[in-house]
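Here the structure comes first, spelled out in structure tokens, and everything after it is commentary.
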Amino acid sequence: GPRRVTGTEAPKKYRKPKPKPEKEYLLVDGYNIIFAWDELRNLAQGDVKAARDSLMDRLSNYAGFTKKNVICVFDAYKVPGGTEQIYRYHNIDVIFTREAETADQYIEKAAHELTKQYQVTVATSDAIEQIIIYGAGAVRLSARNFESEVVNAEREMQAQYIAQDTDRRQTVGSSVGEEIRKAMARENG
């Protein structure tokens, strides 16, 4: 027969819509950040790929630590006939824009889409000439502030790693000590 609706169960049509998922996106203007951070800029002067890889590694660690969804966008718009390329690097997405599209333009489009559903932060250079509206409620993070956020996260990760390491050593040490103590007690008992 018909399903009885118990008191605890609201009929389907009255169920509240699910709240927006609490996902956070961070859109990073890759070359912009590379040339804004001294360490990466110096690296890029000798080898741009090394600077890119270094940024991607740091973003990957940052993403793992903060649980943010990181999308790093690099300009490839000067590459004739270049098509957009998206690939996964560890736990982050890396995008090379298509010909005739700058990282800025790509990020602006992506931010407009993502802010409909998620919290979005855009990390870009301090010296940005035009003020870009990154969709409803996207937050702009300057390269300098972003750098200090990344450095702080790295320090915390380091501290946690050292703490875990110390914990491990202590537990190993004490259990061995315990065993020896018991054995000695047996010997003398």
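The values are calculated or read from the model by the stated rules, or taken from the named source; none is laboratory data. Predicted model, so just to flag it, every value in this text is computed and none were measured. Glycine gets a Cβ as well: all are built from the backbone with ideal geometry, and neighbour counts include every protein chain shown. Accessible surface is based on the protein model in full, side chains and every heavy atom, while ligands, DNA and RNA are left aside. Shrake-Rupley method; radii C 1.70, N 1.55, O 1.52, S 1.80 Å.
Listed by position, the strands (runs of 3 or more DSSP E) inside segment 56-148 whose residues that are open to solvent by 60 Å² or more (accessible area, probe 1.4 Å) number at least 2 are 85-89, 139-142.
For (1) more than 15 Å from Ala143 (Cα to Cα); (2) touching a His at 6+ places or on another chain (Cβ under 9 Å); (3) among the charged types (D, E, K, R), each residue gets a yes or a no:
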residue	(1), (2), (3)
Phe35	no, no, no
Asp38	no, no, yes
Gln45	yes, no, no
Ala51	yes, no, no
Asp57	yes, yes, yes
Gly64	yes, yes, no
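When segment 28-55 is filtered for residues that are β-branched (Val, Ile, Thr) and surrounded by fewer than 17 Cβ atoms within 10 Å (Cβ to Cβ), only Val48 remains.
Has segment 129-136 got at least one residue that is within 25 Å of Asp38 (Cα to Cα) and either hydroxyl-bearing (Ser, Thr, Tyr) or at pLDDT 85 or above (or both)? The answer is no; no qualifying residue exists. Of all residues in segment 78-92, those that are over 13 Å from the mean Cα position of the chain (by Cα) and of a type outside the set (Ser, Thr, Tyr) total 8.
Going by what's in this entry, would Tyr161 be described as at pLDDT below 90, under 30 Å from Leu55 (Cβ atoms) and in contact with a Lys or Arg (Cβ under 7 Å, 6 or more places away or on another chain)? It would help to see each step written out before you state the result.
Details: at pLDDT below 90: yes; under 30 Å from Leu55 (Cβ atoms): yes; in contact with a Lys or Arg (Cβ under 7 Å, 6 or more places away or on another chain): no.
Against the criterion (at pLDDT below 90, under 30 Å from Leu55 (Cβ atoms) and in contact with a Lys or Arg (Cβ under 7 Å, 6 or more places away or on another chain)), Tyr161 does not qualify.
Taking the condition outside any helix (DSSP H, G or I), of a type in the set (Ser, Thr, Tyr) and either more than 17 Å from Thr121 (Cβ to Cβ) or without any contact (Cβ under 8 Å) to a residue 40 or more places away in the chain (or both), does Tyr31 pass? For Tyr31, the condition - outside any helix (DSSP H, G or I), of a type in the set (Ser, Thr, Tyr) and either more than 17 Å from Thr121 (Cβ to Cβ) or without any contact (Cβ under 8 Å) to a residue 40 or more places away in the chain (or both) - is not met.
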